[in-house]
Structures are given as C-alpha cells and as structure tokens.
Amino acid sequence: QKEVEQNSGPLSVPEGAIASLNCTYSDRGSQSFFWYRQYSGKSPELIMSIYSNGDKEDGRFTAQLNKASQYVSLLIRDSQPSDSATYLCAVSLGGGYQKVTFGTGTKLQVIP
Amino acid sequence: DAGVTQSPTHLIKTRGQQVTLRCSPKSGHDTVSWYQQALGQGPQFIFQYYEEEERQRGNFPDRFSGHQFPNYSSELNVNALLLGDSALYLCASRRTGENYGYTFGSGTRLTVV
C-alpha cells in the first residue's frame, strides 16, 4: 500500500466549476497535511496546509481533513484555466525531523 | 528575501560519472531536504539534513549522499550515475520545529546519457 495515494487523472472541469481533488494516506499517526501545486516544468508550490479535522478555507481553496477515514481533499471553487496544473498531496508525521511524503499528484485541466 | 536557490539548473552527465548538486535554503530556514522527481511522478524523499547531520533517509542507495554546511546550505552527491538517475532534483527547506510545509527550489534537471 502506498503511503499517500492520489488519482493521477487527468481531472477535467469546465471554467467556473468546482474541482475536487482527493488523497488518502496509510499512516494513522500522520499529523500534517499539505497541498502543493506544480505547473509543468516548475517546482511544487505550497498552497494549503491543514492539521486538524474539518475544513480550512483560503480564498478559492478549501482543504478538508478526516483523520478517522485517513482522507484529505482540496476543493477549488470557480476554477480558472490558470489552475490547470498537477496537485500534489503531501503528508507528514509532524515534528521537526519528520519527512514529508508526497503522492504522485492529480493533473487538473480547466477547460475554458 | 531570497527563496531556496539551487545550482546548476540543468546538467548532463555520462553513465558512471559523479555529480554534485547545490542548495541554499530560504533565509531563516535551517532544515534541508532533497527530493527526486521522475517525469510524471511525485517527489520521492531522498534525505533530510539538520545541524549538519542526516536526520532522515528515504529508500535510496548509498550512491546518494549529502552534506550540510554551517551556513545551512547543502549538497547532494550521486556516484556511479545510472540512466535511471535522470530526474528533477528538488531541494526544499523549512525552519526546524515549525510544522509548515517546505519551500522548494526550482530544481536541477539531471540527464544521464
């Protein structure tokens, strides 16, 4: 079982729609959860972090965490063509030395 | 405020050679991690350095080694290069003790021929 699993996509949504990206993780001790956006040929950019169960909103982005189900998601409202990228889910056990483990990423395509 | 800087940006090496990649962390950051990202894959954790010591290591052979200097900058060395080592190598930094996500550099694209 992979430590962090994501559907590779591509996920295609029309402009203005809500994009829903999902991620599951295997280690129940995980404490920190991150979403990164990676444009083609570029390095990952942190867009959201979440540490407790529930929702966290930042502009058009909402991260959702359910530790009991070992599930984390990212919602992008009013999707724009500029949101087209690969979205990487990342998980850490927390603490100063803990490594951050990434999923393989979901490719999102926003169709104008 | 400079972010994470990596050098070189691109590199072509021959199979069997050795390579050194360099990274300067973001100002105020003291923990550096290195990742390998193959095309179409997520970043794979190589190792993490703090206080000039390797603190965590991923599933990579001993051909991959690193170093952290007193100014927190870091190097990744790969010996006996294989064709399969061709990838984007990413350096990421953060401040130890903080639980925030890493800041990534722009990466070094290594091609082994």
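Here are some notes:
- Residues that are away from chain A (no Cβ under 14 Å), among the aliphatic types (A, V, I, L, M) and under 13 Å from the mean Cα position of the chain (by Cα), drawn from the stretch B:58-109: B:LEU76, B:VAL78
- Flag if B:ASP85 is open to solvent by 70 Å² or more (accessible area, probe 1.4 Å), at pLDDT 95 or above and under 27 Å from A:VAL4 (Cα atoms): no
- Strands (runs of 3 or more DSSP E) contained entirely in the stretch B:1-61, each with at least 1 residues that are farther than 18 Å from A:SER92 by Cα and open to solvent by 50 Å² or more (accessible area, probe 1.4 Å): B:5-7, B:10-13, B:19-24, B:53-57
- When the criteria are applied in full, A:GLU45 meets the requirement of being open to solvent by 10 Å² or more (accessible area, probe 1.4 Å), at the interface with chain B (Cβ under 9 Å from one of its Cβ atoms) and in contact with a Phe, Trp or Tyr (Cβ under 7 Å, 6 or more places away or on another chain).
- The stretch A:24-42, residues that are away from every other protein chain (no Cβ under 11 Å) and either in contact with a Leu (Cβ under 7 Å, 6 or more places away or on another chain) or open to solvent by less than 20 Å² (accessible area, probe 1.4 Å) (or both): A:TYR25, A:ASP27, A:GLY29, A:SER30
- Residue in the stretch A:84-106 that is of a type in the set (Ser, Thr, Tyr), under 29 Å from B:SER7 (Cα atoms), open to solvent by 30 Å² or more (accessible area, probe 1.4 Å) and at pLDDT below 95 present: yes
- Filtered by the rule that a residue be part of a loop (DSSP other than H, G, I, E, B) and surrounded by 14 or more Cβ atoms within 10 Å (Cβ to Cβ), the stretch A:56-76 gives A:ARG60, A:LYS67, A:GLN70.
- A:THR24 being more than 18 Å from B:TYR35 (Cβ to Cβ) and not in a loop (DSSP other than H, G, I, E, B): yes
The values are calculated or read from the model by the stated rules, or taken from the named source; none is laboratory data. None of the values given here were measured: they were computed from a predicted structure. All Cβ positions, glycine included, derive from the backbone under ideal geometry; neighbour counts span all protein chains shown. Each accessible area value is taken on the protein alone, full model and side chains, heavy atoms only, with ligands, DNA and RNA left out. Shrake-Rupley method; radii C 1.70, N 1.55, O 1.52, S 1.80 Å.
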